[in-house]
1. Taking the criterion of being hydroxyl-bearing (Ser, Thr, Tyr) and open to solvent by 20 Å² or more (accessible area, probe 1.4 Å), would at least one residue in the range 697-706 satisfy it?
2. Return the residue satisfying two criteria in turn: it lies in the range 504-546 and is open to solvent by 20 Å² or more (accessible area, probe 1.4 Å), in a loop (DSSP other than H, G, I, E, B) and in contact with a helix residue (DSSP H, G or I) (Cβ under 9 Å, 6 or more places away or on another chain), and of such residues it is modelled with the highest pLDDT.
3. Name the one entry in 750, 742 that is in contact with a helix residue (DSSP H, G or I) (Cβ under 6 Å, 6 or more places away or on another chain), among the basic types (Lys, Arg), more than 16 Å from residue 153 (Cα to Cα) and open to solvent by 10 Å² or more (accessible area, probe 1.4 Å).
4. So, restricting to strands (runs of 3 or more DSSP E) that lie completely within the range 96-194, which ones have at least 2 residues that are under 30 Å from residue 777 (Cβ atoms)?
5. Residues of the range 388-398 being surrounded by 18 or more Cβ atoms within 10 Å (Cβ to Cβ) and in a helix (DSSP H, G or I), which ones?
6. Check whether at least one residue in the range 592-608 is open to solvent by 10 Å² or more (accessible area, probe 1.4 Å), modelled with pLDDT of 95 or more and either within 20 Å of the chain's Cα centre (by Cα) or under 20 Å from residue 674 (Cβ atoms) (or both), and report yes or no.
7. Filter the range 298-313 down to the residues that are in a helix (DSSP H, G or I) and within 17 Å of residue 199 (Cα to Cα), then identify the one that is least open to solvent (accessible area, probe 1.4 Å).
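The values are calculated or read from the model by the stated rules, or taken from the named source; none is laboratory data. Treat the numbers as computed from the prediction; the structure is a model and nothing was measured. Reconstructed Cβ throughout: ideal geometry from the backbone, glycine too, with neighbour counts over all protein chains shown. For the accessible areas, the whole protein counts, side chains as well, though only heavy atoms, and no ligand, DNA or RNA atoms are used. Shrake-Rupley method; radii C 1.70, N 1.55, O 1.52, S 1.80 Å.
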Amino acid sequence: MRCAILGFVAGAAFLQTRATLPDPWHLLACALAALVLLLALRGPARAACAGSLLGFCWAALLAHAALSQQLGRLDEGRNLDLIGTVAKLPHDFGEGVRFQFDVDTVLDPTARVPSTLALSWYGAGEQVRLRPGERWRLTVRLQRPHGNANPHGFDYEAWLLGQGVRATGYVRPGAGNRRLDAFVATPSALVERSRDTLRARIMEALAGKPYAAVIVALVVGDQRGIEQADWDIFNRTGVSHLVAISGLHITMIAGLVAWAAAGLWRRSFFTHAQLPLVLPAQKVAALAGAGAALLYVLLAGFGVPAQRTLYMLSVVALALWCGRLASVSHVLCLALGLVVVLDPWCLLWPGFWLSFGAVGVILYAGVGRLQGGEREEGGWRGALRVAGRTQYAVTLGLVPITLLLFAQVSLIGPLANALAIPVVSFVVTPLALAGSLLPAPLSAPLLLLAHEAIAWLAVALGWLARLPLAVWSAPSPPPWLFLLALLGTAWMLAPRGWPHRWIGAASWLPLLTLLPTHPPPGQFRVTAFDVGQGMALLVETEKHRLLYDTGPQYAATQNGATRVLLPYLRARGIHRLDGLIVSHGDVDHAGGALTLLDALQVDWMASSLGPGHPAVRRAATHRRCVAGQGWNWDGIAFEMLQPTPASYADPGLKANARSCTLRISAHGHAILLAADIEAAQEAQLLQAMPDKLRADVLLAPHHGSGTSSTPAFLAAVQPSIGVFQVGHRNRYRHPKKEVFQRYGALGIRRLRTDESGALVFDFGSAIAVREYRREQARYWHDR
């Protein structure tokens, strides 16, 4: 059975790497092949091969069903009147509220609208308090799922698919938006309304407290309110797994309920009921523990770690009920199979691999360990020894996968967890749960105690996070290096008696000493990121790196740096930039500047920003962009063409007119980064330096707006490739149709980041172009 389940998981995982889904006839052929293998093969090979084919077919069938609901192309961007219910917990994000909406009725019979939507209601805030289960009539504008596509970035489209959401959009203001029913009773709505009630109760009791969102996460699993600065501390100290309803918390609650149920059931023997004669207390305890785990997991929002724990506890409870002992490996495999059967897209997320990886490491490292000394010693000393060995095994065992997924490992993690696990699991969580469920006179003091405990813990974790060697960072390893480290880790954690276990540590040397890659000597690489409506490009030479613009500001704590640039740079092992150019102060270009300056070492910054701009004050060294500046890195020439010195003395100029315009060239090839210059600045360049404009690749000025890319300018640049960094269906309608056609009429190859994702240009003897969405195409990408 275990081989069949592992094969099933492998087959489902393989489907998630496909660019297209197999048609139904191919799925039928796979099912028949699985049947043939079952008849022809014997032993574990038969089970594994048949399981993999069945896993592939099952995941493909669910994918076909999920993708069958699509928003009609003609329905994108137009007003639609819908009736439906608020599903799951809404999230207030400052400018409004985000929520899932289950559609009951589409009032336009010609429209094709999916059953589940992800909506934003800007300006709702205090005026509209949305609650799960409410039935509303709303006027909305929708679009098909679309997210930024960058190496090492978050795949928003895959996440939406796993959530069953097939369209996103926003609520249009108007008198037609009104609540029809206060509550529509369904099992899902009852659960979500309960979560909402508990969240509201906690936030009311802890109003204004800095870690109220952490208490909410521990009680109802909603982590969206936790500040990014707190997440940075939790991640650096390796305790982020505790800031949720984890498997440890669920097991603890289930165990307490089972113990209490068994005790009460046994006590009934001394009354007239004598219930143990009807049903053994052990079975009652198993049933009560599984029921408590189910209720807690429902409160948690049914995340992968919670699911894994629930299924494992359920299998154990079933085995106890039936009087059959189940091996731990069988229990883990059954939980693994159930999770993937219900949600094959969970294989795409780090939480799945970390959750099952941690349990797998504990099982593997525990073989032959819990005998002899630990078992005979017993008591608290034995418990501490077992806990120490378990933490040691998990810390070592998860190093390769943590580096693969996050390109960093918390060195302070074991110490931080030794401090945080007892506080969070045995103090904060019980107090938070009791405070959430008990009557009002008792709830507030308990919640305040839980908050104070987490606040004191946060102080200690903050101190640990600031230590110089708190985190070890390295580039995300290639697959072969990851597998080598995985084998070495298994060698280190092998049972007693395995020869020379310390030799396994040698497999980590290439993993931990891996260095970031560079272009070959004399060549340079430019990566144009998909940051939505904004600009951000990384320029790399043999020994230097320059970032040109930092992407837009998305929300108060979210920008191009937090969502795109820093995850990419960390995965590459890049923690220092030789230079940063912020072309001008518009929020779509300078939105991530402060975040980058705080997170990375930046040797110098150049911009056209005023001296009072926060990024200028934060930079270690700042200089103005001025035409005529130039430098040479590793044989690559950098030349600033705009703005002119006189432009800084003209207060009437817009920020766009002072855009830092940079030309990079080597060996007869060049790229021109024109930021947001417009027709007037293009004319100045044509007059002042027409011989310096020639470039093979042109970053379309002002995202292809109608006020730039004049015919004369394009004729002078003579690009073979035009790059448009634009947001999908952006409100400015960039690039303008006439401008986009102008590039095409001149025979210029046009590349858009909203269609191609991140673009990589390798400048050598020729120019090689890579499009991320083409290289990493997946069946859920909207094409």
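1. No, that holds for no residue.
2. 533
3. Details: 742 fails: in contact with a helix residue (DSSP H, G or I) (Cβ under 6 Å, 6 or more places away or on another chain).
Answer to the selection: 750.
4. In the range 96-194, 96-106, 116-122, 135-143, 168-171 are the strands (runs of 3 or more DSSP E) which contain 2 or more residues that are under 30 Å from residue 777 (Cβ atoms).
5. Correct list: 393, 394, 395, 396, 397.
6. Checked the range 592-608: at least one residue is open to solvent by 10 Å² or more (accessible area, probe 1.4 Å), modelled with pLDDT of 95 or more and either within 20 Å of the chain's Cα centre (by Cα) or under 20 Å from residue 674 (Cβ atoms) (or both).
7. Filtering the range 298-313 for residues in a helix (DSSP H, G or I) gives 298-299, 304-313.
Imposing the further condition that a residue be within 17 Å of residue 199 (Cα to Cα) reduces the set to 298-299.
Numbers: 298: 59, 299: 35 Å².
Among residues in the range 298-313 that are in a helix (DSSP H, G or I) and within 17 Å of residue 199 (Cα to Cα), the one least open to solvent (accessible area, probe 1.4 Å) is 299.
Here is a yes/no grid of residues against (1) touching a strand residue (DSSP E or B) at 6+ places or on another chain (Cβ under 6 Å); (2) more than 16 Å from residue 670 (Cβ to Cβ); (3) of a type in the set (Val, Ile, Thr):
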position: 693; (1), (2), (3): no, no, no
position: 700; (1), (2), (3): yes, no, no
position: 705; (1), (2), (3): no, yes, no
position: 709; (1), (2), (3): no, yes, no
position: 713; (1), (2), (3): no, no, no
position: 752; (1), (2), (3): yes, yes, no
position: 762; (1), (2), (3): yes, no, no
position: 777; (1), (2), (3): no, yes, no
